[in-house]
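The values are calculated or read from the model by the stated rules, or taken from the named source; none is laboratory data. These numbers come from a predicted model, not from an experiment. Neighbour counts are summed over all protein chains in view; Cβ atoms, including those assigned to glycine, are modelled from backbone coordinates with ideal geometry. Accessible surface areas use protein heavy atoms only, side chains included; no ligands, DNA or RNA. Shrake-Rupley method; radii C 1.70, N 1.55, O 1.52, S 1.80 Å.
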Amino acid sequence: MSVCSTARRIAATVLAAGALVSVAALPASAHDGDHRRAPKVEISSVQADSPGRDNRSNRSLNGEWVEITNNSRRAVDLDGWTLKGEDGNRYKFKDFRLSGRSTVRVHTGEGRDTRTDLFQGRRDHVWGNRSDTATLRDDHGRTVDTETWGHHHRR
């Protein structure tokens, strides 16, 4: 056996082993052809039924909220984005950037906006305790994410 053919066999073996290692290292979703990714910005949690009685106090109103999470590393400008319920109540984000890998909680009642908490300034509950759908849209009106709970019905 010549040195040249031995070198070719070794090279072929190394390449084949490398190909097997790279296939094994792929995430499971790549194996089954599922190329969907987690949304960059999503509705990550909803508390529609505030703790205690729904007595329309500011404490009760702020006990209902929707959390928006940015799963990317980069900040996302939410200026002009909207959060809307089935009944048509709509909150519009103004001059707000959501940092990378962070979450903001949008409360129904009044309060002072911070990096982690925004307030709609409403005097009545927005989200249906038993069922509702929260829809997050970007500044072009495109649906980014929706979250539905309870017995969903069309209006």
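Search segment 99-113 for residues that are at negative phi and open to solvent by 20 Å² or more (accessible area, probe 1.4 Å) and pair each with any residue that is of a type in the set (V, I, T) and at pLDDT below 95 when their beta-carbon atoms are under 6 Å apart and the residues are at least 6 apart or on different chains.
Nothing qualifies.
Out of segment 119-149, which residues are free of Cβ contacts under 8 Å to residues at least 40 places away in the same chain and open to solvent by 50 Å² or more (accessible area, probe 1.4 Å)?
Matches in segment 119-149: R130, H140, R142, T143, T148.
Could you list all residues from segment 44-75 that are crowded, with 20+ Cβ neighbours inside 10 Å and among the hydrophobic types (A, V, I, L, M, F, W, C)?
The answer is A48, L61, W65, V66, I68.
Is there a residue being in contact with a strand residue (DSSP E or B) (Cβ under 9 Å, 6 or more places away or on another chain), within 27 Å of S57 (Cβ to Cβ) and either acidic (D, E) or part of a strand (DSSP E or B) (or both) anywhere in segment 141-152?
yes
Just checking, how many residues over segment 83-95 are under 18 Å from E42 (Cβ atoms) and open to solvent by 20 Å² or more (accessible area, probe 1.4 Å)?
Here the count works out to 2.
Kindly check whether there is at least one residue in segment 10-24 that is under 22 Å from R97 (Cβ atoms) and at pLDDT below 90.
no
Within segment 131-155, which residues are over 17 Å from K94 (Cβ atoms), at pLDDT 95 or above and not aliphatic (A, V, I, L, M)?
S131, D132, T133, T135, R142, T143, D145, T146, E147, T148, W149
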